[in-house]
Amino acid sequence: MIRAAAAIDVIVVLALPDHATEIAVQLPAGATLADALERSGLAARHPNVDVTCAKVGIFGKLADRKAILADGDRVEVYRALVADPKEGRLRRAAGRPKARPK
C-alpha cells in the first residue's frame with residue numbers, strides 16, 4: 001500500500017534586479033500556491049513588491065493561486081516588466097550597421 005506524504009517541500013522564489021530570494025517551505029500535502037506564498041513570509045521580507053497582486057507560477061508556467069502543489073515544486077513570483085522586450089530589440093537593431101550584400 002502506498003501512503004500519501006504528510007508534508008511536501010517547495011521553494012518560493014522572487015527574482016529582483018540585484019538579487020534573488022529563495023525560501024524553502026514545508027507544507028501539508030494538498031497545500032495551494034497561495035498557502036506557500038503566505039507561509040514563506042515573502043511579503044514581509046519585500047514590502048516594496050505587491051505579492052498579493054503579482055503573477056505567479058510553478059516552474060516557469062503561470063498558475064492560479066488555487067493550484068495544488070506537489071513535493072519539490074518551485075513557486076515563482078513574477079515582477080512587472082520594466083521595458084517591452086520587443087521595443088528593446090528594435091532599439092538595438094536600429095543601432096547596428098546594415099549588412100551589405102555579398
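The values are calculated or read from the model by the stated rules, or taken from the named source; none is laboratory data. From a predicted model like this one, the values you see are computed outputs, not experimental measurements. Using ideal geometry, Cβ is built from the backbone for each residue, glycine included, and neighbour counts are taken over all protein chains shown. Ligands, DNA and RNA are stripped out before the accessible areas are found, and what is left, the full protein with its side chains, is counted by its heavy atoms. Shrake-Rupley method; radii C 1.70, N 1.55, O 1.52, S 1.80 Å.
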### Message
Looking at Ala20, Ala54, Ala80 in this structure, which one is modelled with pLDDT under 85 and open to solvent by less than 90 Å² (accessible area, probe 1.4 Å)?
### Response
Ala80
### Task
Show the residue pairs that are 6+ apart or on different chains and have beta-carbon atoms under 9 Å apart, the first residue being within the stretch 14-27 and more than 18 Å from Leu69 (Cβ to Cβ), the second being open to solvent by 70 Å² or more (accessible area, probe 1.4 Å) and modelled with pLDDT under 95.
Ala15/Arg79; Leu16/Arg79; Pro17/Arg79; Pro17/Val82; Thr21/Arg45
### Summary
Of (1) at pLDDT 90 or above; (2) open to solvent by 100 Å² or more (accessible area, probe 1.4 Å); (3) under 14 Å from the mean Cα position of the chain (by Cα), Val75 fails just (2)
### Query
Looking at (1) in a helix (DSSP H, G or I); (2) at pLDDT below 90, which is the one condition that is false for Leu37?
(2)
#### Entry: Lone unmet requirement of (1) open to solvent by 70 Å² or more (accessible area, probe 1.4 Å); (2) under 23 Å from Leu16 (Cβ atoms); (3) part of a helix (DSSP H, G or I) for Gly88
(1)
### Query
Considering only the stretch 26-38, how many residues are buried (at least 16 other Cβ atoms within 10 Å of the Cβ) and over 15 Å from the mean Cα position of the chain (by Cα)?
2
